[in-house]
Amino acid sequence: KDVETYVIDMSFYTDLGEDGNDRMEILSIDEENKKAKVRVNAGTREDEFDTFLAENNLALQTVTAGGIFSMGGMTSNDVHGGSIRCGIFAETCSEFTFVTYDQNKGGVHEVSINSSNSDLETADGFHPIQFARVNLGCLGIVTSIVVDCDLRPHQESLQGRMAFVHVTLEQEFCYAFQDFCKHQRMECFYDPYKGGFLPLMWDLVDEFDTLGTKNDPPALTLDTEDHAIKQFYGAPLQGIFFRKGGPLDFIESLAEGSMAGSQYLEGTYRVGKKGAEFFVKTAMSNIATSQVAAAFTAYSEAWLQDAARCVFMSYFVKLPNLEEEGLAKTYQLLQVVTKLVNEPKNFHIAGPMEFRFVKGGTSANAGTYCPDDPDATFVNLDLIAFTSAGEGNKDPVRYPKKLLQFMADVEREWFGAGGLPHQGKMYGFYDPQGAEGNCCPPFNANFVQEVRSQRDQSALTAFNTF
Ligand SMILES: Cc1cc2nc3c(=O)[nH]c(=O)nc-3n(C[C@H](O)[C@H](O)[C@H](O)COP(=O)(O)OP(=O)(O)OC[C@H]3O[C@@H](n4cnc5c(N)ncnc54)[C@H](O)[C@@H]3O)c2cc1C
C-alpha cells in the first residue's frame, strides 16, 4: 500500500533510568539556587510528569492548564502556561534528544542538542536549541527532553488565589490587573457580555520551605501508558451539567447541541444572545467552583479536569510593557471580541475568552520570538467556538459561515495589531488576497504565507538551513 502518513505513539517509549525502563529521571538538584534538571521521555503526559515532580519536591516553571498533553507535543510548538516572568514551555527546556535521519551520517541516528554547549552554534549565529525548541516536528522524533524545574519543598509552597472583577472601563482594567500581575503566574477568563474577569493566580513562595505538609499529589487514575492502552488521548469530554459518558449523558448531548446552537440565536429567536451569555456564565462558574477548587485543594496548577470539543484560535501580541500602557493594549484587543459578540445578528461565543502573559524568548518558530528584547512581555489571547458533534461536522469546510466570519474578523484585528498565531491551534480564517472582509476555513494558504512573511526572516532561513 502507498502509505504517506505514519503515526508514532510515543506513550510506551522509555529509555531512562539504570535499566532504560523509566520515563523520568532527576539529573541534578541545586538546593542553593533552588533549581533542578529532570529528563523526561517525550511521550510522557504532562500530568504524569507533574505528579512525579511534586513527589520529589519539584515543580515545573510553567504549566499548561490541563496536563493532558505529551512533552513532545508541548515542546514542538509554542505551548505556554501562565507564568508571567517566564517564556513559553519549550524555553524552560535545556536539552532535546532526537532520532533523525541523515544519509551522510549513517542513516538513522541520535542527536542531542544542549543549550549550554556553545560548540554547536551554527555559522549564521544561531544555536540549535533555538530550533529544537518549537521544532514543529521537523527535526526528527524527539525521544527525551531535559526540563529545568523549580524546587517546591512543601505542598503549601505553591499558593493559589482566585478573584473576580467586573470592569466597564479600560482604566479600571489597568488598575485591577496591575495588582493581579504582581503574582508569578496568572491565567484569566473573560466574559465579554458582562465584562466579568476571573483571574487565577499562583505563586511559588519561600515561606513554607521549612514547615508545611509533605508533597503528596493525588494518584493519577490513568498514567501515560494506561491512556494509550485505552486509546484515550486528551482530556475527558466536559459536560455542561453532567459528565460526558456518565448515566445522564443523554441530557448532556442535548445540552451540548444547545450550546453550539446558542451561538447563532440572535435574530432567530426571542432569546437572542442570552443563550450564549448563559453558557459563558455557566462555564465561568464551573471553572471557579468545581475545576479550580479541585486544583487549589490539591495545591496544583493543573486545573483543567475535562474539556469541551471546540475550535481554538490563539494569538501572541507583543506589549510595550506590563504596566498601564501594555494593559490598556490588552484591554483593547479583548474589546475586539466584546464588540463583535454584542452586535445584533452576529455570532455569539458560548465559552469564555482566556488570556495569559508570557515573556519573549529566542525560539526561532515561536510567536514570542524577540531575541533582542529578552524582557518583552506578550499577551496570549484565546478564543473558542463550539461546533456540533458528529463525523459530518468535524471538517472545517462544514463549519457554519457565521463562525468562520467571526473568527476571521477577530483574526484580522489581532494579526493587524502585530500578533502571531500559536502554532498548536487554528488560524488563517481569511484570505489576505481575497475580497475585503472575506472568511474561509482555517489554514488558508495565502494567510500561512503572510504569517511566514511576518516572522523574523533570518531565523526562518536559519531554521530551514538547519
Ligand atoms: C483543551 C485544550 C487545552 C489547551 N490548553 C493549552 C494551554 O493551556 N496552553 C497552550 O499553550 N496550549 C494549549 N492547548 C494546545 C495544546 O497544548 C497543543 O496543541 C499541544 O501541542 C498538544 O500536544 P499533544 O501532545 O496533543 O501533541 P500532538 O497533537 O500529538 O502533536 C503536536 C505536534 O507535535 C509533534 N510532536 C509530538 N510529539 C513529538 C515528538 N516526540 N517528536 C517530534 N514531534 C512531535 C507532532 O508531530 C505534531 O506536529 C490546549 C489544547 C486543548 C485542546
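The values are calculated or read from the model by the stated rules, or taken from the named source; none is laboratory data. Since the model is a prediction, treat every value here as computed from it, not as a measurement. We place every Cβ from the backbone using ideal geometry, glycine too, and count neighbours over all the protein chains shown. SASA here: full protein model, heavy atoms, side chains in, ligands and nucleic acids out. Shrake-Rupley method; radii C 1.70, N 1.55, O 1.52, S 1.80 Å.
The residue of the range 441-466 that is farthest from the chain's Cα centre (by Cα), among those that are outside any helix (DSSP H, G or I) and among the hydrophobic types (A, V, I, L, M, F, W, C), is 466.
Taking the criterion of being under 22 Å from the mean Cα position of the chain (by Cα) and open to solvent by 30 Å² or more (accessible area, probe 1.4 Å), no residue of the range 428-440 qualifies.
Could you pull out every one of the strands (runs of 3 or more DSSP E) wholly within the range 64-173 that has 1 or more residues that are among the basic types (Lys, Arg)?
158-162
If you go through the range 105-147 and keep only what is open to solvent by 10 Å² or more (accessible area, probe 1.4 Å), in contact with a Phe, Trp or Tyr (Cβ under 6 Å, 6 or more places away or on another chain), among the β-branched types (Val, Ile, Thr) and within 12 Å of the ligand (Cβ to nearest atom), you end up with just 142.
Taking the listed residues 423, 449, 454, the one that is within 28 Å of residue 75 (Cβ to Cβ) and without any contact (Cβ under 8 Å) to a residue 12 or more places away in the chain is 449, with no other qualifying. Of the residues that make up the range 44-64, is at least one of a type in the set (Asp, Glu), open to solvent by 40 Å² or more (accessible area, probe 1.4 Å) and near the ligand (Cβ under 10 Å from one of its atoms)? Within the range 44-64 (the criterion being of a type in the set (Asp, Glu), open to solvent by 40 Å² or more (accessible area, probe 1.4 Å) and near the ligand (Cβ under 10 Å from one of its atoms)), the answer is no, since none of the residues qualifies. Just one of the listed residues (169, 211, 220) is at pLDDT 95 or above and open to solvent by 30 Å² or more (accessible area, probe 1.4 Å), namely 169. Filter the range 328-346 down to residues that are outside any helix (DSSP H, G or I) and open to solvent by less than 70 Å² (accessible area, probe 1.4 Å) and give me whichever is nearest to the ligand (Cβ to nearest atom). Applying the filter and picking the extreme gives 346. Taking residue 22 as the residue in question, decide whether it is out of contact with any helix residue (DSSP H, G or I) (no Cβ under 6 Å at 6 or more places or on another chain), more than 12 Å from the ligand (Cβ to nearest atom) and acidic (Asp, Glu). The answer is yes for residue 22.
A Cβ distance below 8 Å, combined with a sequence gap of six or more or placement on separate chains, defines the contacts here; from the range 332-347, residues that are within 17 Å of residue 173 (Cβ to Cβ) reach residues that are open to solvent by less than 30 Å² (accessible area, probe 1.4 Å) and β-branched (Val, Ile, Thr) in the pairs 333/317; 333/379; 336/410; 337/349; 337/410.
Just name the residue that is nearest to residue 275 (Cα to Cα) out of those in the range 308-327 that are touching a Phe, Trp or Tyr at 6+ places or on another chain (Cβ under 8 Å), more than 16 Å from the ligand (Cβ to nearest atom) and open to solvent by less than 30 Å² (accessible area, probe 1.4 Å). So the residue we want is 327.
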